[in-house]
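These notes concern the structure reproduced below.
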Amino acid sequence: MKILKNIILISLFLTVSSCQKWLTVEPEDRSTEDQLFSSVNGFYIALNGIYTDFTNPYSYGAAWTMTTLEILAQRYNVNQEHTSYTLANYGFQEETAKRTMESIWNKAYFQIASANNILEQIEKRREIFTSPVDYALIKGEALALRAMIHFDLVRLFGPMPAQGGDNAAIPYYIENNRKTAPILSLNQVLSKAITDLENAIELLKEDPIISKGPLYSDSQLGGDYQRRYRTLRLNYFATLGLLARVQLYAGNKPSAFQHAATVITQASTWFPFIKTENIMGSSKNPDRIFSTEILFSLQAPQRQQTYLAYFAPDLDGKNILAPLSSRLDQSFENNQNDFRYTPLWASGEASGKNYRVFSKYNNIEDSRLNYNNRIPLIRLSEMYYIAAESAENPNEGLTFLNTIRNARGLVSLSELAPEQWKSEIEKEYIKEFYGEGQLFFFFKRIGKATIPDGKSVNNINMTPSKYIVPLPESETRHRN
């Protein structure tokens, strides 16, 4: 793929609450690159453009979170009449699926190009940074974003870890030029992502989130919007968590445990577990995304449009994304005391449906609340799961797992046999990450041979051809 030389400025028209001021981009004409990067504020504008582009439906605004990845994980009842059946049937050679994957690929590499341009320009123009904190935050976030996007691409288009890390995967672009980067192996891609994240973490030690928390209040840090709302950026804690995620995928459990445990220890003060009354006690403004626990999320003004397009109860059967009732009950082990069940799954009876519909991303009544329109990307609970799976001491691992179970209204598990561990961790990924795109990657990482079929009570036999999306023709064509 040809990497764009110059970042394309995206026109942003955000109409949400005051916490959006940090995202707003208002270029007067279509600023040239020199104009854009002539000030520290211009660098923030370019960086904010990447976060805003993440809300695109072919990015984390839908495909990576609510739709494509969840369809591949068999989350929904996508039968032969459904418009997304090709994807649910892993028909990656069909034109509709090929177009979807091409769009996901191209959007991701555009964002990588944008990050690389920031990284190139920040070194060329370092003299304009009178504050070392601005330099560290911008460069650290850009490195972390580059790693995150490449990592998700290799999880989707790369080989299964069980196949071996030397198999060909994807290119990893670290330069902002038109040269085609070589296809690297899975291990090489993961290694580069780890290096980027380690460098980012060192830079992000200047992040105000460490000592001041998410900084949602307008009174905090005065008028400095660029350093506030830290959970709407790939901040220090989220980058540590992302590194734990990458290390677990790479099979390095000691490192995964170390980073996950560090996040749990350092971040828990700022990211408390959701209070029962905030999720179960408010019919008008339930915090369905458990916002107090989110390390990194997007503020997506178009989230309601996505909800209406895919999950609203008045959609017909060939368009709605909703699970079979039997599958939903099975996912939650028929336990409606789980905080993740009733509040996130609304009755469809008013629209003539005999099944529950996914309401996690339906707008709340008070749009001023900071959890409206947000899409979670990295949450604290995942750190507990990583620590539980990676702990050398099983009793310590069980403590981490039970901590989340208790926070979700479930009783503690007693001692687990080795063969039960994967099953219990899997159950938690199924419950915890609905609409967040992590389940398919979990299945691929552990090499799960069969997964529940979204459209029946049966299971689907999974093969590498179902787990590995072929590289798009736009990528392979120019390499021949």
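The values are calculated or read from the model by the stated rules, or taken from the named source; none is laboratory data. Just so we're clear, the structure is a prediction, and the values are computed from it rather than from any experiment. For neighbour counting, all protein chains shown are included, and Cβ atoms are generated from backbone atoms with ideal geometry for every residue, glycine included.
Take the residues in region 461-480 that are buried (at least 19 other Cβ atoms within 10 Å of the Cβ) and in contact with a Pro (Cβ under 9 Å, 6 or more places away or on another chain), then tell me which one is modelled with the lowest pLDDT.
Among those that are buried (at least 19 other Cβ atoms within 10 Å of the Cβ) and in contact with a Pro (Cβ under 9 Å, 6 or more places away or on another chain), it is 475.
If we scan region 127-137, do we find a residue that is within 20 Å of the chain's Cα centre (by Cα), modelled with pLDDT of 95 or more and not small (Gly, Ala, Ser)?
no
Out of all the residues in region 410-459, which are loosely packed, with under 13 Cβ neighbours inside 10 Å and among the β-branched types (Val, Ile, Thr)?
411, 450, 457
Working carefully through the options 388, 407, find the one that is more than 30 Å from residue 165 (Cβ to Cβ), modelled with pLDDT of 95 or more and among the hydrophobic types (A, V, I, L, M, F, W, C).
Just a single option satisfies the conditions, and that option is 407.
Could you give every pair whose Cβ atoms fall below 8 Å, whose first residue belongs to region 83-97 and is within 11 Å of residue 470 (Cα to Cα), and whose second residue is modelled with pLDDT of 95 or more and part of a loop (DSSP other than H, G, I, E, B), counting only separations of at least 6 or pairs across chains?
Qualifying pairs under 8 Å: 92/469; 92/470; 93/470; 97/91.
Of all residues in region 408-444, count the ones that are free of Cβ contacts under 8 Å to residues at least 60 places away in the same chain, part of a helix (DSSP H, G or I), farther than 21 Å from residue 276 by Cα and not β-branched (Val, Ile, Thr).
Number of matching residues: 9.
Within region 159-173, how many residues are under 11 Å from residue 189 (Cα atoms) and either out of contact with any strand residue (DSSP E or B) (no Cβ under 9 Å at 6 or more places or on another chain) or basic (Lys, Arg) (or both)?
Total meeting the criteria: 1.
How many residues, within region 294-323, are under 14 Å from residue 347 (Cα atoms), of a type outside the set (A, V, I, L, M) and surrounded by fewer than 19 Cβ atoms within 10 Å (Cβ to Cβ)?
Residues meeting the conditions: 1.
Would you confirm, using the coordinates I've provided, whether residue 120 is charged (D, E, K, R) and either at pLDDT below 95 or more than 20 Å from residue 196 (Cβ to Cβ) (or both)?
no
For region 333-375, give me each residue that is in contact with a Gly (Cβ under 7 Å, 6 or more places away or on another chain), surrounded by 14 or more Cβ atoms within 10 Å (Cβ to Cβ) and more than 23 Å from residue 296 (Cβ to Cβ).
338, 355, 356, 357
Does at least one position in region 360-372 carry a residue that is hydrophobic (A, V, I, L, M, F, W, C), in a helix (DSSP H, G or I) and either more than 20 Å from residue 439 (Cα to Cα) or modelled with pLDDT of 95 or more (or both)?
For region 360-372, residues hydrophobic (A, V, I, L, M, F, W, C), in a helix (DSSP H, G or I) and either more than 20 Å from residue 439 (Cα to Cα) or modelled with pLDDT of 95 or more (or both): absent.
If you scan region 124-163, which residues turn out to be of a type in the set (Gly, Ala, Ser) and within 22 Å of residue 472 (Cα to Cα)?
147, 158
Condition test on residue 206, is it more than 29 Å from residue 340 (Cα to Cα) and either out of contact with any helix residue (DSSP H, G or I) (no Cβ under 7 Å at 6 or more places or on another chain) or surrounded by 15 or more Cβ atoms within 10 Å (Cβ to Cβ) (or both)?
When the stated conditions are applied, residue 206 passes them.
Could you tell me whether region 111-120 includes any residue that is surrounded by 15 or more Cβ atoms within 10 Å (Cβ to Cβ) and either in contact with a strand residue (DSSP E or B) (Cβ under 7 Å, 6 or more places away or on another chain) or under 26 Å from residue 465 (Cα atoms) (or both)?
No, that holds for no residue.
Among the helices (runs of 4 or more DSSP H) confined wholly to region 33-143, which include 1 or more residues that are over 26 Å from residue 356 (Cβ atoms) and of a type in the set (Gly, Ala, Ser)?
Filter on region 33-143 gives 40-53, 95-124.
Within region 385-407, how many residues are surrounded by 21 or more Cβ atoms within 10 Å (Cβ to Cβ) and closer than 18 Å to residue 288 by Cβ?
Qualifying residue count, region 385-407: 1.
For the condition closer than 19 Å to residue 377 by Cβ, of a type in the set (D, E, K, R) and surrounded by fewer than 22 Cβ atoms within 10 Å (Cβ to Cβ), what is the one hit in 107, 179, 98?
107 is the lone residue from the list that is closer than 19 Å to residue 377 by Cβ, of a type in the set (D, E, K, R) and surrounded by fewer than 22 Cβ atoms within 10 Å (Cβ to Cβ).
Across region 271-290, which residue is surrounded by the most Cβ atoms within 10 Å (Cβ to Cβ) among those that are part of a loop (DSSP other than H, G, I, E, B) and among the hydrophobic types (A, V, I, L, M, F, W, C)?
Here the answer is 290.
Step by step: first the residues of region 226-270, then only those that are among the charged types (D, E, K, R) and assigned to a helix (DSSP H, G or I), then the one that is farthest from residue 43 (Cα to Cα). Which residue is that?
My answer is 253.
Looking at region 182-202, which of its residues are under 20 Å from residue 142 (Cα atoms) and surrounded by fewer than 18 Cβ atoms within 10 Å (Cβ to Cβ)?
Across region 182-202, the qualifying residues are 191, 195, 198, 199, 202.
Every residue in region 244-278 that is within 14 Å of residue 385 (Cα to Cα) and either touching a strand residue (DSSP E or B) at 6+ places or on another chain (Cβ under 8 Å) or among the aliphatic types (A, V, I, L, M) (or both), please.
Result: 244, 245, 246, 248, 256, 260, 261, 263, 264.
Working only within region 443-460, note down all residues that are over 18 Å from residue 75 (Cβ atoms) and either among the hydrophobic types (A, V, I, L, M, F, W, C) or over 23 Å from the mean Cα position of the chain (by Cα) (or both).
Answer for region 443-460, where residues must be over 18 Å from residue 75 (Cβ atoms) and either among the hydrophobic types (A, V, I, L, M, F, W, C) or over 23 Å from the mean Cα position of the chain (by Cα) (or both): just 449.
Please find, within region 210-228, the residue that is surrounded by the most Cβ atoms within 10 Å (Cβ to Cβ) out of those that are over 22 Å from residue 387 (Cα atoms) and at pLDDT 90 or above.
Going through the qualifying residues, I end up with 214.
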